[in-house]
Amino acid sequence: AIERTFSIIKPNAVAKNVIGSIFKIIEESGLKIVATKKIQMTKAQAEGFYAVHSERPFFGTLCDFMCSGPCVVSVLEGENAIAKYREIMGATNPADAAEGTIRKLYADDIEANAVHGSDAPETAAVEISYFFNALELVG
Ligand code: CMP
C-alpha cells in the first residue's frame with residue numbers, strides 16, 4: 001500500500017552538510033519527499049516528540065542532542081514507505097547497520113544516529129501531525 005512516513009535528519013547529520021546526500025538515498029529508493037523543512041527544536045518540542053521514551057535512561061541526553069542544532073523534518077511517501085525507510089536508514093545502532101545504509105554512512109553513535117523514521121502507521125500519523133499541518137502536505 002502507498003504509505004506516508006515521517007523522517008528527521010538529526011543535528012549531527014545536518015552539521016555534516018549531508019542533507020542532499022540523504023535526500024538522494026531517499027529518492028533513489030523510490031520514496032517521494034512530499035513535505036520538508038529545516039527547523040530548530042526547543043527542548044520542550046523534543047521532549048514532546050520523544051515522550052514515549054521519557055522513562056528511558058537516554059531520554060535527557062537524546063532531547064538535549066535533538067535541540068543542539070537544526071534538524072530537517074520531512075514526510076516521505078511511497079509503496080511500504082515505513083518499512084522501506086527503516087531499511088535504508090539501517091539499524092538504530094550504527095555498529096549494527098548494514099553497508100550503504102544512511103546510519104552506516106552518517107551516524108556517529110547510537111544517539112547521534114543521523115536519522116529518525118516512524119516505526120508504524122499510527123506513530124507516522126502522530127509524528128507527521130506534530131510538525132506539519134495538512135496544507136503543507138502537497139503530495
Ligand atoms: P530514533 O529512531 O530517533 O528513536 C529514539 C532515539 O533514541 C534513537 O533513534 C536514538 O537516537 C536514541 N537511542 C535509542 N537507544 C539509545 C541508547 N541505548 N542510548 C542512547 N540513545 C538511544
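The values are calculated or read from the model by the stated rules, or taken from the named source; none is laboratory data. A quick note: this is a predicted structure, and the numbers were derived from the prediction, not measured. FYI the Cβ positions are ideal-geometry reconstructions off the backbone, even for glycines, and counts take in every protein chain you see.
Any residue at all in segment 103-123 that's in contact with a strand residue (DSSP E or B) (Cβ under 9 Å, 6 or more places away or on another chain) and away from the ligand (no atom under 15 Å from the Cβ)? Within segment 103-123, one or more residues are in contact with a strand residue (DSSP E or B) (Cβ under 9 Å, 6 or more places away or on another chain) and away from the ligand (no atom under 15 Å from the Cβ). No other residue among PHE59, PHE49, PHE65 is within 18 Å of PHE6 (Cα to Cα) and at pLDDT 95 or above apart from PHE49. The single condition among (1) over 15 Å from ALA81 (Cβ atoms); (2) acidic (Asp, Glu); (3) in a helix (DSSP H, G or I) that GLU27 does not satisfy is (1).
Looking only at segment 7-36, residues that are within 12 Å of the chain's Cα centre (by Cα) and not polar (S, T, N, Q) come to 10 in all. Once segment 61-86 is narrowed to residues that are without any contact (Cβ under 8 Å) to a residue 40 or more places away in the chain and loosely packed, with under 15 Cβ neighbours inside 10 Å, the residue that is nearest to the ligand (Cβ to nearest atom) is ASP64.
The set of residues from segment 39-58 being assigned to a helix (DSSP H, G or I) and within 11 Å of the ligand (Cβ to nearest atom) comprises ALA46, PHE49, VAL52, HIS53.
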